[in-house]
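Q: Take this structure, written in structure tokens, and hold onto it; I'll ask about it next.
The values are calculated or read from the model by the stated rules, or taken from the named source; none is laboratory data. Keep in mind that this is a model prediction, so the values were computed, not measured. Neighbour counts are summed over all protein chains in view; Cβ atoms, including those assigned to glycine, are modelled from backbone coordinates with ideal geometry. Just so you know, the surface numbers come from the protein's heavy atoms only, side chains and all, with ligands and any DNA or RNA stripped out. Shrake-Rupley method; radii C 1.70, N 1.55, O 1.52, S 1.80 Å.
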Amino acid sequence: MKGPVSGVRVLDFGLLTAGANTSAMLADLGADVLKIESGAYLDPFRVIGKIDGDEGWWNRSPQFRFTNRNKRGLALNLKDPEGQRVIRALAAHCDVVVENFRRGVLDRAGLGYEALKAVNPRIVFAAISSQGDTGPERMNVSFGSTLDATSGIASLSGYEDEEPRISGMDVNYPDQIVSLFASGMVIAAVMEARRTGRGCFLDVSQREVASFTLGEEILAASADPKRSAGPRGNKEDGVAQQDAYRCQDGRWIAVTLAAPDPSLEAFCAGSKSGEAVAVLLGRGIAAARCNDGADLLRDRALAGVTLAHDQRGRLVKGLPYRLDGRGVAVESAAPDLGQHTEEVLRTLLGYNDAELEKLSAAGVTSTVPTVGEV
């Protein structure tokens, strides 16, 4: 497919959202992304999104297809020396590696930055992790919940005098935002590698990215150490009145006022949400309906941006910006497990039928899970 980063090839070990969505955004922009899994270790989204137990269930996960559209899929056993050799050979033909394994996993397999740099000095190695590649907490097990906590986000979420709130699996905020930052950093690093002939190691910490978004709060704390930084609900310092109000039709609207209006709650309660928003906007007041997923699905203005369809007509994530007025083009659906292994090994590495059969017989390649019942 054509796009701003066509000609860039990505070796993608990304899992779940943080890694896989980083490479998906590169794929949406035209990169040739080679998604690496194995029958012994599937992207967990294939399992989390399991919708039935029938044959081929591992290829039908909605969560997996959201973050793996526009990619080619390979299944190679990273624990097998021959699988490791194939990966190193592929790295020689790639510009980028994206991974979000626990620290040290690829190094132990002989596939870390130093090993792949020896094969390809121009490689850009993007290591996305919860705590970063260095420091005493680098090996901590983390999820969106713990990252909400350590980054400081949870301390500000919720209502006054309540416990800290975490974004949870439905939002998983730290994973979502790190992919936006990481994809941009990768593109910049590839430009630099092509200019200098030298790649680099990108150390991307989800915790640090999430804390970065609280820069103003950190600055305020440094200016006034006695300042209370607990949850404030919908209130905001320096804003006269801000809250969500329930309307006559049961819908909620969000309103921000420059001057207090004690009659606003009653006005909203006696008006339908659409009418209330129209009246407030007519007065120059910021107001909007609180949308849910069903509302966003019906909003045609978001087609290709928040949501898109793959070649099989199924919903996937879109791209949160437009290029020359166009949203993301889903050129190919998320790959089945190992769907493109033979194609890629033939075209990039020159494998023949006998060599491919040997890899399959040895369990280096696969198209079905080998981990038993999941």
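Q: Please report the net charge: other residues with Cβ closer than 12 Å to the Cβ of residue 15, K and R +1, D and E -1. Write down the numbers at each step before the final one.
A: Details: positive: 35, 46, 102; negative: 12, 37, 43, 99, 175.
That sum, taken over residues with Cβ under 12 Å, equals -2.
Q: Suppose all protein chains stay in the model; what accessible area per residue would a 1.4 Å probe give for the range 229-374, in Å²?
A: Values: 8630 Å² over 146 residues.
Result: 59 Å² of accessible area for each residue.
Q: By the scheme Lys and Arg +1, Asp and Glu -1, what is the net charge of all other residues having a beta-carbon under 12 Å from that of residue 6? Show your work: numbers first, answer last.
A: On the way: positive: 2, 9; negative: 28, 32, 95, 331.
Here the count lands on -2.
Q: Would you rank 181, 143 by solvent-accessible area, highest first, keeping every protein chain in place and using a 1.4 Å probe?
A: On the way: 181 85, 143 140 Å².
Sorted descending by solvent-accessible area, the residues read 143, 181.
Q: Counting only heavy atoms of the protein chains, get the accessible area per residue of the range 65-221 (1.4 Å probe) and round it to a whole Å² value.
A: Details: 7530 Å² over 157 residues.
Spelled out: the 1.4 Å probe surface of the range 65-221, per residue, equals 48 Å².
Q: May I ask for the distance between the Cα centers of the range 72-100 and the range 232-267, given as a whole number of Å?
A: Using only Cα atoms to place each centre, the spacing works out to 53 Å.
Q: Could you give each residue of the range 331-347 its phi-based ³J(HN,Hα) in whole Hz, using Karplus coefficients 6.51, -1.76, 1.60 with θ = phi - 60°, and x for Gly or Pro?
A: 6, 8, 6, 4, x, 5, 4, x, 4, 10, 4, 5, 4, 6, 5, 5, 6
Q: Let me ask another. For the range 208-295, max minus min Cα coordinate along each principal axis, in Å, sorted largest first?
A: Here the spans come out as 44, 32, 21 Å, largest first.
Q: Going through the cross-link list 2/71; 71/117; 35/317; 50/358, which pairs have a Cα-Cα distance over 19 Å in this structure?
A: Numbers: 2/71 14 Å; 71/117 23 Å; 35/317 17 Å; 50/358 31 Å.
With Cα atoms farther than 19 Å apart: 71/117; 50/358.
Q: A further question on this structure: What label, among (i) 139; (ii) 184; (iii) 161, belongs to volume of the Cα convex hull per residue in Å³ computed from the structure on display?
A: (ii)
Q: Okay, moving on. Could you work out what % of the accessible surface of the range 45-142 is carbon and sulfur, using a 1.4 angstrom probe and leaving DNA, RNA and ligands out of the count? Write out the running numbers ahead of the final one.
A: Numbers: 2040 of 4030 Å².
Answer for the range 45-142 is 51 percent, counting heavy atoms of protein chains only.
Q: Enumerate the amide H contacts of residue 172 below 5 Å, restricted to partners 5 or more residues apart or on another chain; note that Pro and chain-start residues carry no placed amide H.
A: none
Q: Now a separate question. Please figure out what share of the DSSP beta bridges in the chain is antiparallel and state it in percent, rounded to the nearest 5. Write out the running numbers ahead of the final one.
A: Values: 16 of 40 bridges.
If we restrict to bridges inside the chain, about 40 percent are antiparallel.
Q: With every protein chain left in place, what is the accessible area per residue of the range 10-59 in square angstrom, probe 1.4 Å? Walk me through the intermediate numbers first.
A: Values: 1230 Å² over 50 residues.
That works out to 25 Å² for each residue.
Q: Putting +1 on Lys and Arg Cβ atoms and -1 on Asp and Glu Cβ atoms, find which of 115, 368, 53 reaches farthest to the positive end of the dipole of the chain.
A: The residue sitting most towards the positive pole is 115.
Q: Report, in degrees rounded to the nearest 10, the 0 to 90 angle that the Cα long axis of helix 173-196 makes with the longest principal axis of the chain.
A: Computed tilt is about 50 degrees.
Q: What is the sum of charges around residue 81, taking Lys and Arg as +1, Asp and Glu as -1, for the other residues whose C-beta is under 15 Å from the C-beta of residue 81? Spell out each step's value before the answer.
A: Numbers: positive: 79, 85, 88, 108, 358; negative: 80, 82.
Charge balance in the 15 Å sphere: +3.
Q: For residue 239 paired with residue 82, estimate the spin-label separation in nm (one decimal), with each label point 7 Å from Cα along the Cα-to-Cβ line.
A: Rounded to a tenth, the inter-label distance reads 6.1 nm.
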